[in-house]
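This report concerns only the one structure given below.
The values are calculated or read from the model by the stated rules, or taken from the named source; none is laboratory data. Just so we're clear, the structure is a prediction, and the values are computed from it rather than from any experiment. A quick note on method: Cβ atoms are made from the backbone with ideal geometry, for glycine too, and the neighbour counts reach across all protein chains shown. Quick note on the areas: whole protein, heavy atoms, side chains included, nothing else; ligands and nucleic acids left out. Shrake-Rupley method; radii C 1.70, N 1.55, O 1.52, S 1.80 Å.
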Amino acid sequence: MEKIVILTGAGISAESGLGTFRDEGGLWAQHRIEDVATPEGFARDPALVHAFYNARRVQAAKAEPNAAHTALARLQRHWPGEVVLVTQNVDSLHEAGGARNVLHMHGTLAGALCAACGHRWAAPPEMTVGQPCPACAAPTGRPDVVWFGEMPYHMDSIYDHLAEAGIFAAIGTSGQVYPAAAFVHEAAMAGARTVELNLDPSSGASSFDQVILGPATETVPAWVDQLLAG
Ligand code: OAD
């Protein structure tokens, strides 16, 4: 049975109350990327960066998965082939909705990372400047999220999955950030049928075979129903 590879972005969590980045009033309208989402910004002002991710961690912990998250978990349970979920999101709403083996290519708010030795541990709700690493004791704890200028996680395995995809879907992502924005081309080269599910057409919408517009809580359950009905 065909392998389905699904890429999700901030739009899938919007109806759970988590703000997107580039929609009107989104996170990047309120904060400068250079300040809060780069290694240089963290070196300059770690307190500001921790405050940004602490606020998002607290907010994400209160959020509930929505009908789009649970529909994808249902697809994973019932599709006879493999369903690979790749997310750019740092929330854990796919897992909270019942999904398994989610590839968090931009990391996760739930994790802390030692910038010195690479050790990972569960992040406390509030991280502080100089957070000591439980493994090497260096005061170099940081959120385990991928910043601009850093290599996203799990790329080898994501490209392997894309090369085997029969169906590729991008859900709730504006297609402005690479390498994720190019996954549709990788999947198409492998012969996959490609579909975008988004509120508005993304900048890369013309690269997809099919575009389904609307709020994720409506479009995603309907798309999953259709796939499972064969
Ligand atoms: P964006 O904020 O760029 O895009 C969100 C997309 O979701 C837009 O295309 C919206 O139209 C769509 N959208 C909004 N509400 C929706 C809803 N209810 N249902 C369906 N779609 C909806 O977010 P991403 O594409 O995820 O990276 O951003 C990609 C990366 O840029 C993020 O992972 C983050 C950011 O900078 C880093 O910080 C490294």
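The set of residues in region 212-230 being touching an Asp or Glu at 6+ places or on another chain (Cβ under 9 Å) and surrounded by fewer than 16 Cβ atoms within 10 Å (Cβ to Cβ) consists of L213 alone. Residues of region 144-167 include none that is of a type in the set (S, T, N, Q) and more than 17 Å from the chain's Cα centre (by Cα). Every listed requirement among (1) in the same structural domain as G214 (by TED's automatic domain parsing); (2) surrounded by 14 or more Cβ atoms within 10 Å (Cβ to Cβ); (3) over 24 Å from L113 (Cβ atoms) is met by R77 save one, (2).
Entry remark, region 2-27: residues being in contact with a strand residue (DSSP E or B) (Cβ under 8 Å, 6 or more places away or on another chain) and hydrophobic (A, V, I, L, M, F, W, C) number 5 in total. In summary, Q226 fulfils each of the numbered conditions (1) farther than 17 Å from V5 by Cα; (2) free of Cβ contacts under 8 Å to residues at least 24 places away in the same chain with the single exception of condition (1). For the residues R74, R32, the requirement of being basic (K, R) and without any contact (Cβ under 8 Å) to a residue 60 or more places away in the chain singles out R32.
Here region 190-204 is the region considered, the condition is being surrounded by 13 or more Cβ atoms within 10 Å (Cβ to Cβ) and at pLDDT below 95, and the residue that is farthest from G97 (Cα to Cα) is G204.
The strands (runs of 3 or more DSSP E) found wholly in region 110-185 and carrying at least 3 residues that are open to solvent by less than 70 Å² (accessible area, probe 1.4 Å) occupy 141-145, 165-171.
Among the residues of region 26-82, those identified as among the charged types (D, E, K, R) and assigned to a helix (DSSP H, G or I) are E34, D35, E40, R44, R56, R57, K62, R74, R77. On the basis of being away from the ligand (no atom under 16 Å from the Cβ) and either buried (at least 22 other Cβ atoms within 10 Å of the Cβ) or farther than 25 Å from M151 by Cβ (or both), does R100 make the cut? Answer is no for this residue.
One residue is enough: does region 158-176 have a residue meeting the conditions over 21 Å from N89 (Cα atoms), free of Cβ contacts under 8 Å to residues at least 60 places away in the same chain and among the hydroxyl-bearing types (S, T, Y)? No; the residues of region 158-176 include none that is over 21 Å from N89 (Cα atoms), free of Cβ contacts under 8 Å to residues at least 60 places away in the same chain and among the hydroxyl-bearing types (S, T, Y).
You will find that of E95, E64, E82, the residue that is modelled with pLDDT of 95 or more, in contact with a strand residue (DSSP E or B) (Cβ under 6 Å, 6 or more places away or on another chain) and surrounded by fewer than 20 Cβ atoms within 10 Å (Cβ to Cβ) is E82 and no other.
Yes or no, residue by residue, for (1) closer than 18 Å to T173 by Cβ; (2) open to solvent by 60 Å² or more (accessible area, probe 1.4 Å):
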| position | (1), (2) |
| --- | --- |
| A10 | yes, no |
| G19 | yes, no |
| W28 | yes, no |
| F42 | no, no |
| L48 | no, yes |
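Within region 1-19, the presence of a residue that is farther than 22 Å from A180 by Cβ, assigned to a helix (DSSP H, G or I) and either within 13 Å of the ligand (Cβ to nearest atom) or at pLDDT 95 or above (or both) is excluded.
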